[in-house]
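Engineer: I am attaching a structure below and will ask some questions about it afterwards.
Derivation of every value follows stated rules applied to the coordinates shown; laboratory data play no part. All values derive from a computational prediction rather than experimental measurement. Cβ atoms come from the backbone with ideal geometry, glycine included; neighbour counts cover every protein chain shown.
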Amino acid sequence: MPVKFSEMFLKKKFAFLPYVCLGYPSLKESIEIIHALEPYADGFELGIPFSDPVADGPVLQKAMQKALENGFRLNQTFEAIKEIRVFTSKPLAIMSYLNPLLAYGLEEFVFSARAAGASALLVPDAPLEEIGSVKEACSGKLEVPLFISPTTQLSRCAEISDTSEGFVYAIAVKGVTGERVEFSDEVSRLVEKTSGKPVAVGFGISSKEQAEKAREAGAHGVIVGSKIVKVYDEGGLEGVKVFAEGMKF
């Protein structure tokens, strides 16, 4: 049985959760990146390439475009997860925009993802009012974490937090994914808006210093994506290992 994020957060006081775009620079290499990260990570977010990734910045947009150009297809997600499960039992969250899931067939996708060993499904462009069908398909199979941001109203944050499963994904900055030099001061306010669920902070996290500040603000983990792409492009798997070792808590 795959480990759930809710189970992981009960045991881990603060988690390092790398994001890896499946298929970048190739499917084989993306799995190698995950393997390199595994000793240092507490769980993973696996990004499914999409042609219109509205929540992602230029680094991840470029990675997704390259993966699609190389022929990545949605059904390769399941074989990738099976390969990853050979070397880790840590929780795996699939991150996908809604359109590919609907085109594939939501229930069929969830069934195959669960069978392969996925733990959760993140859908960043499905707001609270539209997440019902996703949660229904995932019920008893995958946890469904939801998103809050600096612009989310307090009353809405409470409802999102109550509905979220596994953890709440707190978007630390206004805008898309990508490295930021300065760490947002919004994190403590975002954590205060949740109702006791574990909070993982993403968007703009690129250093141990920023992760420490997130922990000091009350978060329970950080999600790092764009920085990992840049580290791999510049230093290969060894660069990824060095970076990840520095992020371990």
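Engineer: Under 12 Å from the Cβ of Leu154, count the other residues' Cβ atoms, weight Lys and Arg +1, Asp and Glu -1, and hand me the total.
Structural biologist: Local charge sum for Leu154: +1.
Engineer: Using the Cβ atoms and a cut-off under 14 Å, what net charge is assigned to the surroundings of Tyr40, where Lys and Arg are +1 and Asp and Glu are -1?
Structural biologist: Residues near Tyr40 contribute +2 overall.
Engineer: Can you compute the helix-only [θ] at 222 nm over the chain? Use -39500 (n - 2.57) per DSSP H run of at least 4 residues, normalise by all residues, nearest 500 deg cm²/dmol.
Structural biologist: For the chain, the value works out to -13500 deg cm²/dmol.
Engineer: Continuing with this model, one more query. Please express the shape of segment 209-249 as an equivalent ellipsoid: the semi-axes are the square roots of 5 times the eigenvalues of the C-alpha gyration tensor, given largest first in whole angstrom.
Structural biologist: 22, 10, 7
Engineer: Arrange Ser188, Ser207 by Cβ neighbour counts within 10 Å, fewest through most, would you?
Structural biologist: Listed from fewest to most nearby Cβ atoms, that is Ser188, Ser207.
Engineer: OK, next. What trypsin sites (Lys or Arg not before Pro) does segment 111-174 have in DSSP loop regions with at most 13 other beta carbons within 10 Å?
Structural biologist: Answer by residue number: Lys174.
Engineer: Could you work out the pair-distance distribution P(r) of the chain from its alpha-carbon pairs, with 5 angstrom bin width and percents rounded to whole numbers?
Structural biologist: Reading the bins upward from 0: 1, 7, 15, 20, 22, 19, 11, 5, 1.
Engineer: While we're looking at this one, here's another question. With all distinct Cα pairs included, what does the Kirkwood hydrodynamic radius of segment 1-140 come out to in Å, to one decimal, could you say?
Structural biologist: 15.3
Engineer: Quick check on my link table: of Lys13/Lys197; Lys141/Lys208; Lys13/Lys90; Lys11/Lys197; Lys135/Lys197; Lys90/Lys197, which ones sit more than 21 Å apart, alpha carbon to alpha carbon?
Structural biologist: Lys141/Lys208
Engineer: Here's another thing I want to ask about it. Go ahead and collect, in residue order, the members of segment 135-152 whose backbone nitrogen is under 16 Å from a label point 7 Å along the Cα-Cβ direction of Phe111.
Structural biologist: Output list for this probe position: 136-142.
Engineer: Something else now. Using a cut-off of 12 Å between beta-carbons, work out the net charge of the residues near Arg215 (Lys and Arg +1, Asp and Glu -1, Arg215 not included).
Structural biologist: Summing Lys and Arg as +1 and Asp and Glu as -1 gives +1.
Engineer: Which of rounded, prolate, oblate describes segment 16-80, given a ≥ b ≥ c as roots of the alpha-carbon gyration tensor eigenvalues and a/c under 1.5 marking rounded, otherwise prolate only if a/b is larger than b/c?
Structural biologist: oblate
Engineer: Could you work out the equivalent-ellipsoid semi-axes for segment 50-104, taking the square root of 5 times each eigenvalue of the Cα gyration tensor, largest first, in whole Å?
Structural biologist: Value: 21, 13, 12 Å, ordered largest first.
Engineer: Among Phe111, Phe50, Phe87, rank each residue by its count of other Cβ atoms within 10 Å, from fewest to most, as a rough exposure measure.
Structural biologist: Ranked by crowding around the Cβ, least crowded first: Phe87, Phe111, Phe50.
Engineer: Sort Leu60, Leu68 by Cβ crowding within 10 Å, fewest neighbours at the top.
Structural biologist: Leu68, Leu60
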